[in-house]
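Shown next, in structure tokens, is the structure this report addresses.
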Amino acid sequence: MPAKLPLLSSDAADSPIAYWRDHMISRAAFLRDAVHIARQLPAARFILNLCEDRYQFLAAFAAVGINYQTNLLPSSRATLHLRQLAEDYPDSQAIADSDIERWLASKIVDNAALPVPELPADHLMAIAFTSGSTGRAKPNLKRWGELVSGAQQARQRFGFNTGLTVVATVPPQHMYGLETSIMAPLLSGVCIHANRPFFPEDVRAALADTPPLRILVTTPVHLRACVEAQLIWPEIAFLISATAPLSPALAAQAEQVFNAPVLEIYGCTEAGSIASRRVQENDHWLLYDGFHLDGDHLSGAHLPEPVPLGDIIEIYDKDRFRLLGRREDLINLAGKRSSLAYLNHQINQIEGVIEGVFVLPDETATRTQRLAAVVVAPDLDERQLLTALAERLDPVFLPRPLIRVAQLPRNETGKMTREALLALITGASSCTKIRHDE
Amino acid sequence: MSLEALSPFELEVARLLVETLHLEDIKPEDIAPEEPLFNEGLGLDSIDALELALAISKNYGFQMRSDEQQNQRVFASLRALSAHIAEHRVH
């Protein structure tokens with residue numbers, strides 16, 4: 001790998017990089033913004049990049065790299081997570097949309113054509129966080145060379161190129177969003193829509209803002225909402241979904257509603273995207289070029305060392321595998337990842353909680369999967385417990401239902417079975433009725 | 001529990017909330033009209049917001065849109081949400 005790699009691919013110089021506030025932003029203008037922001041950034045080794053506007057995130061992300069600083073990408077906005085990051089990285093400063101806006105407003109307008117900066121391949125461009133089992137977030141180091149290599153693999157697989165615009169419902173701070181909506185425009189010439197549309201009508205409007213060809217980057221949760229919204233959709237070249245496997249039924253419905261192929265990415269924060277499929281054609285996943293699987297460990301391409309996968313897989317041949325299921329402990333809801341160990345640790349840290357445990361009920365066809373928790377905390381009411389949890393966890397991990405009991409259901413060997421917990425949860429309505437009458 | 005009575009339309013929206021989000025242990029008439037719906041309060045999240053938007057489009061014939069500031073205001077409470085629906089409903 002060369003020692004330095006450019007910030008922008010050279011073969012897309014004339015195509016816009018973003019649609020931002022009703023305007024197309026050229027790559028030259030983007031570079032001027034990024035260089036200007038680089039001069040304003042606080043002098044800290046790490047920059048916690050909290051920008052939600054995708055263009056401002058992109059410009060800040062690039063600026064941090066230009067200064068040889070490192071982007072910290074939080075896994076959630078939970079107060080505790082952000083506080084712990086500030087503790088773990090004392091030489092860090094947070095930046096948000098309001099900072100970028102202020103800095104860009106102070107920029108003197110010019111049309112200078114700046115040279116494209118080159119960053120060392122081993123520069124620590126970003127640290128992406130996932131929840132660890134011990135209660136503290138786990139850092140995943142992302143060097144510039146690895147990110148570039150991942151972007152090239154994705155470009156090859158999906159044909160990312162000039163003339164395509166990406167509309168994404170996922171945040172840029174997560175690896176999936178970072179790869180598809182930040183690294184793709186830098187390294188493959190696609191243009192991004194700066195908004196992060198939320199409701200189906202927002203998604204439709206964002207797609208309609210830009211000319212074809214359009215790509216919708218989303219998750220099963222959003223895809224289901226869009227499919228059921230009964231809207232008339234603008235023409236789309238293809239859709240990409242990730243964070244959880246799509247059911248063949250939803251994929252089929254989505255292909256019909258959008259009249260476009262629905263492709264899926266499989267990956268993890270440690271390795272980034274590693275494989276893709278179109279479930280309408282095949283239920284197996286095709287590895288990106290350069291990776292290989294050995295048991296449940298992935299290696300090759302840009303990975304400095306083998307990465308264990310979070311799922312149980314069945315290998316077909318050297319390029320293809322099938323997902324058999326999630327390892328029990330890992331939780332993936334609405335694109336947010338956590339583990340039962342982490343969640344259990346957090347609930348047991350709350351003052352007044354004697355013992356608490358999370359459980360993930362089985363998915364049903366009609367409902368999005370939600371967590372439940374069973375807790376022994378005689379002096380706390382449900383509201384106090386939820387408030388304490390909300391400080392520690394992303395809202396999607398808040399338990400529903402949260403059941404208060406006198407003691408946890410243990411069998412004679414002291415073990416708590418999933419079945420016993422699920423039985424408590426199924427009977428939840430009657431328990432809470434008793435509580436209301438108290 | 002709220003001491004303040006819900007208007008008939010607020011009660012209708014409260015029923016929709018409880019049904020759509022399967023809030024089995026909450027009675028519609030017990031939802032405090034000014035209480036926050038998200039995080040603390042009823043503890044709703046982004047998945048709920050999507051489900052709710054879908055139910056609103058089916059029942060009242062309009063699509064929810066998020067305009068940053070406005071979105072927080074609309075979902076601030078049952079009262080705010082009911083007022084938003086009353087203003088935008090098509091049927």
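Per-structure values
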read-out: Check on residue A:248, over 30 Å from residue A:138 (Cβ atoms) and open to solvent by 40 Å² or more (accessible area, probe 1.4 Å); value: yes
read-out: Every residue from the range A:251-262 that is surrounded by fewer than 22 Cβ atoms within 10 Å (Cβ to Cβ) and not in a helix (DSSP H, G or I); value: A:259, A:260, A:261
read-out: Any hit, the range A:411-426, residues being open to solvent by 30 Å² or more (accessible area, probe 1.4 Å), within 14 Å of another protein chain (Cβ to nearest Cβ) and at pLDDT below 80; value: yes
read-out: Test set (1) assigned to a helix (DSSP H, G or I); (2) in contact (Cβ under 8 Å) with a residue 60 or more places away in the chain; (3) of a type outside the set (A, V, I, L, M) - residue A:302 fails condition number; value: (1)
read-out: Answer residue from the range A:381-403, given it is over 30 Å from residue A:228 (Cα atoms) and surrounded by 19 or more Cβ atoms within 10 Å (Cβ to Cβ) and is farthest from the other protein chains (Cβ to nearest Cβ) among those; value: A:392
read-out: Single residue of A:29, A:63, A:3, A:105 found to be in the same structural domain as residue A:129 (by TED's automatic domain parsing) and either under 19 Å from the mean Cα position of the chain (by Cα) or touching a residue at least 12 places away in the same chain (Cβ under 8 Å) (or both); value: A:63
read-out: Odd one out for residue A:270 among (1) open to solvent by 30 Å² or more (accessible area, probe 1.4 Å); (2) within 24 Å of residue A:227 (Cα to Cα); (3) assigned to a loop (DSSP other than H, G, I, E, B); value: (2)
read-out: Elements of type helices (runs of 4 or more DSSP H) contained in the range B:15-91, each with 2 or more residues being open to solvent by 20 Å² or more (accessible area, probe 1.4 Å) and modelled with pLDDT of 90 or more; value: B:46-60, B:78-88
read-out: Residue, nearest to residue A:336 (Cα to Cα), within the range A:202-220, restricted to residues that are open to solvent by 60 Å² or more (accessible area, probe 1.4 Å) and not in a loop (DSSP other than H, G, I, E, B); value: A:204
read-out: Hits in the range A:344-363 (condition: more than 17 Å from residue A:418 (Cα to Cα) and either open to solvent by less than 60 Å² (accessible area, probe 1.4 Å) or in contact with an Asp or Glu (Cβ under 9 Å, 6 or more places away or on another chain) (or both)); value: A:346, A:347, A:348, A:350, A:352, A:353
read-out: Some residue of the range A:68-84 being at pLDDT 95 or above and part of a helix (DSSP H, G or I); value: no
read-out: Residue within the range A:108-125 that is in the same structural domain as residue A:205 (by TED's automatic domain parsing), under 26 Å from residue A:202 (Cβ atoms) and buried (at least 17 other Cβ atoms within 10 Å of the Cβ) present; value: no
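Yes/no per residue for (1) touching a Ser or Thr at 6+ places or on another chain (Cβ under 9 Å); (2) over 26 Å from residue A:285 (Cβ atoms):
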| position | (1), (2) |
| --- | --- |
| A:147 | no, no |
| A:163 | yes, yes |
| A:168 | yes, no |
| A:172 | yes, no |
| A:175 | yes, no |
| A:182 | no, no |
| A:194 | no, yes |
| A:202 | yes, yes |
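The values are calculated or read from the model by the stated rules, or taken from the named source; none is laboratory data. No experiment lies behind these values; they were computed from the predicted model shown. Note: ideal-geometry Cβ built from the backbone for every residue, glycine included; neighbour counts use all protein chains shown. We work out accessible area using only protein heavy atoms, side chains counted, and drop any ligands, DNA or RNA first. Shrake-Rupley method; radii C 1.70, N 1.55, O 1.52, S 1.80 Å.
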